[in-house]
Amino acid sequence: MTASTRRPVPLPKAYRLLNHGPTVLVSASHEGKRNLMAAAWAMAIDFDPPKIAVVLDKSTWTRELLEASGTFVLNVPVVTQADLVQTVGTTSGREFERDGQDKFAAYGVETFPGEVVEAPLVAGCAAWLECRLLPEPHNQQRYDLFLGEVVAAHADERVFQRGHWNFGGHDALRTLHHVAGGHFLIIGGTVDGQVLTPTGNTNAD
């Protein structure tokens, strides 16, 4: 992805960036400190205003920065970033912080600034959702569940146009779907479902 292929996504369509269940990279920043982690459990929960949910373990540095800043980004990585996703998902940002570094610098992660939030956006992804935290202390503490309102969204126009994903001809931009233990599935083709016409007794039990 280059800046020339990055396009804004209308907020009412932002939910579609997550509706196919991709693994995401969560980035957060606060007072000059930043971190990046992988999250397999993220989903859209509302259209207008667009809202998302993501599960973040209590032990993560990203979660601490997110709670302090009140903003974060969901980056939707692609197949060529599988090693990066696995790496930032299994390393501790706090350990890098103690050494005066962070994951971005340690692994050469290229970023660019968002339109609204402070957190960096990861270059090379297929989509980005800039989010404002919707504080729900009970859910956050008991279930590690965080809610956010999407305040800006962007996607690579080569694979997301007019509110729809289409990965044909762009295999390197297919999204990742984590199963377990560093094993990912890759998004495949598409099929359009049609509404069936009743052919039998619709009153039958």
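Taken together, the values in this text are just the output of simple stated rules run on the coordinates, not laboratory data. Since this is a predicted model, take the numbers as computed values, not measurements. Heads up, the Cβs are rebuilt from the backbone with ideal geometry, glycines too, and the neighbour counts pull from every protein chain shown.
In nm, what is the difference between 0.36 nm times the number of residues separating LEU185 and THR80 and their Cα-Cα distance? Kindly include the intermediate steps, with their values, before the conclusion.
Values: separation 105, 0.36 × 105 = 37.80 nm, distance 1.27 nm.
Gain on stretching LEU185 to THR80: 36.5 nm.
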Highest-MSF residue in the chain out of ASN139, ASN166, ASN35 [GNM, Cα springs under 10 Å]: ASN139
Measure of compaction for region 95-161 (Cα Rg per 2.2 N^0.38 Å): 1.39
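Give the longest segment of the chain that steers clear of GluC sites (Glu not before Pro) in DSSP loops with at most 12 neighbouring Cβ atoms within 10 Å, not counting the sites themselves. Let's see the in-between values first.
Working: sites that count: GLU31, GLU110, GLU115.
Between the exposed loop sites, the longest stretch runs 116-205.
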Sequence-distant lysines (8 or more away, or on other chains) whose Cα lies within less than 21 Å of LYS33: LYS58, LYS103
Residues of type lysines that LYS13 reaches as a straight line, Cα spacing below 24 Å, ignoring anything fewer than 8 places off in the same chain: LYS51
